[in-house]
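Report on one structure; see the data block that follows.
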Amino acid sequence: MTTALKEPVDRVGPGWTTALSLSNVAIWVGWYGPLQILLARQAEDFAPGTGMSKETLLAWVTGVGAVVSLAANPFFGALSDRTTARRGRRTPWIVAGAAGGALSLLLLAGAGGLWLMTLGWCLVQLTLNASFAAVTAAVPDRVPRLQRGVVGGWLGAAQILGAVAGTGLATAAGGIAAGYVACAGFVVAGVLPYVLRYEDLRLPVADRPAWSWRSFLHGFWLSPRRYPDFGWAWLTRFLINLSNALVILYLLYYLRDRLRYDDPEQGVLILTAVDSVALLATVVVGGVWSDRVGRRKPFVKWSGVLMAAATALLAVWQTWAGAIVVAALLGVALGVFMSVDFALMTDVLPEARDRGKDLGVINVANALPQVAAPALAAPIVTHLGGYRVLYVVAAVVGLAGAVLVERIKGVD
């Protein structure tokens with residue numbers, strides 16, 4: 001069997017982990033700069049005359065973009081599984097996705113209305129998901145099982161650093177167009193150390209699966225009956241991510257309209273920073289601890305319970321001080337969840353040949369909440385009780401995800 005399809009046994013070094021994590025930072029900068037600040041500001045500018053509130057317009061744009069993400073991640077993951085380029089299976093897609101993402105962000109910088117804004121965001125989701133699918137698939141390609149918790153921890157840290165950096169760039173740039181340009185430049189620069197320094201594993205042409213559209217499309221369905229652990233792990237991730245998406249979707253509007261915070265954009269940056277510091281304190285530690293004890297489920301379960309409890313607290317303590325405390329608690333819990341849940345996901349992958357595609361299917365559990373959250377949150381905030389009810393619903397959803405992790409039987 002070719003090296004690209006074998007279970008890895010040699011531990012990866014800190015340089016490889018750092019470079020891959022920086023690529024992940026770059027991708028999340030491209031997503032979170034728009035999601036936290038720039039799209040919300042554009043929605044405020046474009047809403048008048050559309051017949052929609054700024055909340056509804058933002059929900060519509062992010063929801064359509066998330067639909068694109070749903071299909072893009074597993075699609076590009078499957079393509080990378082079949083790529084036989086000289087530069088390897090994953091690297092060509094990291095490069096192409098980053099370049100396309102930067103150009104798409106520049107398109108958003110020049111958007112003058114709703115439709116161009118929607119097109120630009122859909123292209124951002126399409127292209128950056130090509131990079132993200134390849135980056136995540138590189139882990140089971142190269143990292144042995146008992147090192148995946150710590151590598152997952154660093155990738156989780158990279159995600160939140162990307163959120164902070166993206167929010168910071170979007171805030172500090174001084175304008176919507178300048179914010180998009182800054183994020184675009186970071187996306188390109190961030191992937192260069194990995195793609196220039198580290199050689200990817202090549203797939204020989206003889207080992208590439210035979211191509212047919214029917215088998216390609218059929219491969220995206222993984223039966224929960226045949227692979228129950230994969231199914232329960234997917235559902236757990238989906239529910240906890242949905243809970244988190246419900247919390248952050250309208251954060252800018254929550255600070256402005258509910259708490260009457262003087263500078264809501266600065267408030268988003270402060271809360272993101274608090275969340276990030278707390279997350280960084282636990283994300284790598286959680287992964288290392290999980291690797292050392294050889295267990296995954298307890299870490300995922302109790303981090304999910306803490307996230308649900310913190311979200312419920314946000315429903316009853318709606319003050320700026322309450323928001324700070326909740327951001328810290330969510331960061332602590334999310335740090336453990338992100339690192340250990342990623343390792344758990346790689347442990348339940350069905351086949352080495354389809355790692356990219358299967359991780360893409362798992363990553364749908366990250367993207368689908370972006371579709372479901374606006375559909376749930378918009379009517380709740382505008383018609384069904386406001387932010388208090390929204391956060392109660394988010395807490396219940398997250399608690400359900402934490403409880404269901406016990407259904408996974410093949411991983412301790």
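Summary of values
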item: Hull shadow area, averaged, region 72-218 [alpha-carbon convex hull, nm²]; result: 10.4
item: Accessible-area order (highest first, 1.4 angstrom probe) of the listed residues Val340, Val68; result: Val68, Val340
item: Values of log10 I(q)/I(0), in the order q = 0.31, 0.33 Å⁻¹, for region 249-294 under a Debye, Cα-only, solvent-free model; result: -1.00, -1.05
item: nm² value of the averaged projected area, convex hull over the Cα atoms of the chain; result: 18.5
item: Dimensions (Å) - region 224-283, Cα atoms, principal axes, largest first; result: 53, 27, 12
item: Separation in nanometres of the label points that stand 7 Å from Cα toward Cβ, at Val316 and His383; result: 3.0
item: Whole-number Å³ per residue for the convex hull built on Cα positions in region 281-412; result: 109
item: Rg/Rh (Cα only; Kirkwood hydrodynamic radius) as it applies to region 369-412; result: 1.17
item: Dimensionless Rg over Rh [region 219-344; C-alpha; Kirkwood]; result: 1.05
item: Per-residue ³J(HN,Hα) for region 30-38, Karplus 6.51 cos²θ - 1.76 cosθ + 1.60, θ = phi - 60°, Hz, x for Gly and Pro; result: x, 8, 7, x, x, 5, 7, 10, 5
item: Hydrodynamic radius (Kirkwood) for region 1-124, which is based on Cα pairs only, to one decimal in Å; result: 16.7
item: Cα Rg over Rh - region 1-61, Kirkwood; result: 1.37
item: Shape category assigned to region 260-327 from the gyration tensor of Cα positions, a/c cut at 1.5; result: oblate
item: Ellipticity estimate at 222 nm from DSSP helix runs (n ≥ 4, -39,500 (n - 2.57)) divided over the chain, nearest 500; result: -25500 deg cm²/dmol
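The values are calculated or read from the model by the stated rules, or taken from the named source; none is laboratory data. This is a predicted model, so every value here is computed, not measured. Neighbour counts are summed over all protein chains in view; Cβ atoms, including those assigned to glycine, are modelled from backbone coordinates with ideal geometry. Only protein heavy atoms, including side chains, enter the accessible area calculation; ligands, DNA and RNA are left aside. Shrake-Rupley method; radii C 1.70, N 1.55, O 1.52, S 1.80 Å.
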